[in-house]
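Written out below as C-alpha cells is the structure these notes cover.
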Amino acid sequence: MLNKKSLIGLVSALVLSTNLYAAKVTALKTAIAEEGFQLYIVTEVLKKMGHTVEITNDVEYGIAFKTIANNAKSDDVYFMAAHWDPLQKTLIEGAGGEKKLTKFSEFVSNCAQGYLIDKKTAEKYNIKYINDLKKPAIAKLFDSNGNGKADLAGCSAGWGCEKVIEHQLSAYGLRDTVEHRQGSYSALMADTIAQYKTGKPILYYTWTPYWVSGKLVPGKDVVFLQVTHSANPNTASTKLANGADYGFSINSQKIVSNPSVRTKHKDIAKLFDIIKVDVNDISGENMLMANGQNKEKDIKRHVKTWLKINKSKVDAWIKEAKAAK
C-alpha cells in the first residue's frame with residue numbers, strides 16, 4: 001500500500017509524463033487571406049478534440065514547408081492546410097520531400113486554374129489558345145503599357161504557379177509577345193477588373209476556389225484559354241478526360257504535416273485524412289470576403305457558421321479521429 005509520500009511522488013511522475021508527451025499543435029497560416037477559412041475549420045475541429053492550437057502569422061508557402069521539414073521528428077505537430085498538389089510539388093521536394101513532410105488525403109478537391117481573357121475579345125478575334133498570343137497582333141490587344149507585349153496578370157513569387165507560368169512562356173514561344181506581371185495578386189486583379197469595366201481586353205491567371213471567378217464569371221464575362229499541348233513541369237499531361245487542356249492539372253488542396261504525426265498523434269493524423277471542405281463552400285466564403293467581410297473576425301464568423309451547418313459531419317470526424325488514438 002502506498003504511503004502519502006509515495007502517492008505524491010507517483011502523481012507528480014504521472015503529471016510530468018503527461019506534460020512531456022502533450023502535443024503542441026502549430027498551424028502555419030499562409031499569406032493568402034482567402035485560405036484562412038479552411039485553416040480555421042481544421043483548427044476549430046482540433047480544439048473540439050481537446051487539442052491546443054497556436055496559429056502563426058501569415059507565412060509564405062516555402063517558409064511553411066521548411067518549418068514543417070525542420071520539425072520532421074518532433075513530438076509536436078506542425079501543419080499547413082493549403083498545399084496545392086501537384087502544383088507545389090517542387091516546393092515540397094525543395095524542403096526535403098516526403099521524408100520530411102507527409103501529405104494527407106484530399107482536403108479540398110477540384111481546384112482548377114488557368115489563363116483567362118474577356119469573352120468579348122475571345123469571340124471577336126477567335127482566340128482559343130494561350131499559344132495564339134504568339135502572334136504579335138493578338139498579343140498587342142492585351143498591351144496596357146505600350147510596349148507591344150500582352151500584359152498577363154500572373155502569379156506572385158513563391159506560390160508555385162509562377163514557375164509553371166515562366167516555364168510555359170518558354171515552352172509555347174511567348175517570351176517575345178507576353179509579359180508576366182507579378183507583385184501583389186490582389187492589386188493586379190483590382191487593375192484587371194477595372195480594365196474590364198472600361199471595356200478593355202484583359203488577360204490573367206487565376207484559380208478556384210477564389211473570389212475572382214465570382215467577379216469575372218467564366219463562360220459569362222471571361223473564358224479559359226486552352227493550350228495546344230501539355231507543357232507543365234509538375235505533370236506529364238494536363239489533358240482532361242473530355243480532351244480539353246488548360247495547361248494545368250486539376251489540383252487538390254491537402255494538409256501537410258511533419259511525418260511523426262502519423263505515429264505519435266494518430267487521432268490528429270486520422271482527422272487530417274478524413275476532413276473535407278467543398279470547393280464551392282470556399283468560393284462562397286471568398287466572395288463574402290471580396291464584398292467587404294474580410295477582417296479576421298469576419299472569417300472566424302464564417303467558420304463558426306460553417307461548423308454549425310456541418311455539425312453532423314464534424315461530430316463524425318471527431319468520433320472517428322478519437323477512435324484512431
Q. In which sequence would Leu240, Leu133 go, from the one with the fewest C-beta neighbours within 10 Å to the one with the most?
A. Leu240, Leu133
Q. Residue by residue through the stretch 108-114, which ³J(HN,Hα) values in whole Hz follow from phi under the Karplus form 6.51 cos²θ - 1.76 cosθ + 1.60 (θ = phi - 60°), with glycine and proline marked x?
A. 10, 9, 6, 9, 8, 7, x
(Q) Over the chain, with a Gaussian network built from C-alpha contacts below 10 Å, which listed residue (Gln168, Gln88, Gln293) shows the highest mean-square fluctuation? (A) Gln293
**Q.** Rounded to whole Hz, the Karplus (6.51, -1.76, 1.60) HN-Hα couplings of the stretch 143-148, x for glycine and proline
**A.** 8, 10, 10, x, 9, x
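If R₀ is 30 angstrom, what is the calculated FRET efficiency for the pair Ala324 and Lys300, using the beta carbon separation as r and rounding to 0.05?
Numbers: r = 28 Å, r/R0 = 0.92.
Efficiency for this residue pair is about 0.60.
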Q. How would you rank Lys134, Lys24, going from fewest to most other Cβ atoms within 10 Å of each one's own Cβ?
A. Lys24, Lys134
**Q.** Principal-axis tilt of helix 279-290 within the chain, Cα atoms, nearest 10 degrees
**A.** 80
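So how much slack lies between Asn280 and Ala236, counting 0.36 nm per residue of separation and subtracting their Cα-Cα distance, in nm?
Details: separation 44, 0.36 × 44 = 15.84 nm, distance 2.79 nm.
Between Asn280 and Ala236, full extension yields an extra 13.0 nm.
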Q: Report, in degrees rounded to the nearest 10, the 0 to 90 angle that the Cα long axis of helix 61-70 makes with the longest principal axis of the chain.
A: 30
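When DSSP assigns beta bridges and you keep just the ones with both residues in the chain, what percent turn out antiparallel, to the nearest 5? Don't skip to the end; give the middle numbers.
Working: 20 of 34 bridges.
Here the antiparallel bridges make up roughly 60 percent for the chain.
If you add up the charges near Asn251, with Lys and Arg at +1 and Asp and Glu at -1, over every other residue whose beta carbon is less than 12 angstrom from its beta carbon, what do you get?
Details: positive: Lys89, Lys254; negative: Asp85, Glu106.
So the surrounding residues net to 0.
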Q) Just how far, in whole angstrom, is the stretch 243-288 from the stretch 134-176 if you go by their alpha carbon centroids? A) 30
Q. Once amide H atoms are built 1.01 Å from N in the peptide plane, which residues 5 or more positions from Tyr115, or in another chain, come under 5 Å H to H?
A. Leu225
Q: For the stretch 36-50, just list the computed ³J(HN,Hα) in residue order, Karplus coefficients 6.51, -1.76 and 1.60, θ = phi - 60°, integers in Hz, with x standing in for Gly and Pro.
A: x, 4, 5, 5, 5, 4, 4, 5, 5, 5, 4, 5, 5, 7, x
Q: Would you mind telling me the antiparallel percentage of the DSSP bridges in the stretch 113-224, rounded to 5?
A: 55
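Which order do Thr177, Thr52, Thr192 fall in if you start with the one that has the fewest other Cβ atoms within 10 Å?
Numbers: Thr177 21, Thr52 10, Thr192 26.
In order of increasing Cβ crowding within 10 Å: Thr52, Thr177, Thr192.
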Q) Under a 5 Å amide H to amide H cut-off, with H placed in plane at 1.01 Å, what residues pair with Leu203 once short-range neighbours are removed? A) Ala153
Q: Describe numerically, in nm with one decimal, the distance between label points set 7 Å from Cα along Cα→Cβ at Lys135 and at Glu106.
A: 3.7
Q. Of Lys254/Lys300; Lys264/Lys325; Lys163/Lys200; Lys254/Lys276; Lys215/Lys308; Lys103/Lys304, which sit over 18 Å apart, Cα to Cα?
A. Lys254/Lys300; Lys163/Lys200; Lys215/Lys308; Lys103/Lys304
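Per 0.36 nm of contour for each residue apart, how much would the distance between Ala157 and Asp75 grow if the chain were fully extended, relative to their Cα-Cα spacing? Walk me through the intermediate numbers first.
Values: separation 82, 0.36 × 82 = 29.52 nm, distance 3.22 nm.
Roughly 26.3 nm would be gained on extension.
Each value in this text was obtained by applying a stated rule to the coordinates, not by laboratory testing. These numbers come from a predicted model, not from an experiment. We place every Cβ from the backbone using ideal geometry, glycine too, and count neighbours over all the protein chains shown.
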